[in-house]
């Protein structure tokens, strides 16, 4: 079954609105793992507006103790690599976001960025870190991602989320299916994330083959305000099962 990695950035964003450790990022991550999540994702940014340096070691220790994956994502050219060198996570998802971006909003342009990404990817792999590249659903870019040295790609799924329930839904799904198929053909594993939620996730997983992992933060943490973290994780695992059952 597709694995669920819970992105706890929005928990940290709420905590940072007061000079208190409330809500506790570690505690909410622990609840997510207790409920069956199989990974924790963080996306530290240069301005530390949510995940902070001190969170990384705490969450890494938690993930190691539970034998689940720890995924650090971010732009390797904006102070990310020092964090990754210290933590050595299981996976590093490289994302081409600008320092002031509210959220990630596009994948890598490998025609422009491939040469400067290659040494970063090589360093990560030397550390034993799996490398995933955040990519748009462009089937023609998957071979280039593999040639750059990536192990996986993470499909940027906001375009699908925007199209969900509209007349553009089927066309969006065809693009994502073609991209995932091309990635698998190129020898890449396929992850997915961004604006996936309980409603649109089952259809995505039924339509797009070979998705190994979904990383979900904003929607899941928002649902946690209503249902609690543990129940929200269980609901997302139900959505994954609904999308991956035969």
_Among the residues listed as 39, 65, the single one being in contact with a strand residue (DSSP E or B) (Cβ under 6 Å, 6 or more places away or on another chain) and farther than 15 Å from residue 83 by Cβ_ = 39
*Among the listed residues 150, 192, which satisfies the condition of being part of a loop (DSSP other than H, G, I, E, B) and closer than 28 Å to residue 80 by Cβ?*
150
_Of residues in the range 225-246 being out of contact with any helix residue (DSSP H, G or I) (no Cβ under 8 Å at 6 or more places or on another chain) and at pLDDT below 95, the one surrounded by the fewest Cβ atoms within 10 Å (Cβ to Cβ)_ = 246
*Matching entry among 217, 193 (being under 14 Å from residue 29 (Cα atoms), in contact with a strand residue (DSSP E or B) (Cβ under 8 Å, 6 or more places away or on another chain) and modelled with pLDDT of 95 or more)*: 217
*Looking only at the range 202-224, count how many residues are touching a helix residue (DSSP H, G or I) at 6+ places or on another chain (Cβ under 9 Å) and within 17 Å of residue 13 (Cβ to Cβ).*
9
_Checking residue 2 against (1) touching a strand residue (DSSP E or B) at 6+ places or on another chain (Cβ under 9 Å); (2) over 21 Å from residue 213 (Cβ atoms); (3) at pLDDT 95 or above: exactly one of these is not met. Which one?_
(2)
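The values are calculated or read from the model by the stated rules, or taken from the named source; none is laboratory data. Note that the coordinates shown come from a computational prediction; the quantities given were computed from them, not determined experimentally. Heads up, the Cβs are rebuilt from the backbone with ideal geometry, glycines too, and the neighbour counts pull from every protein chain shown.
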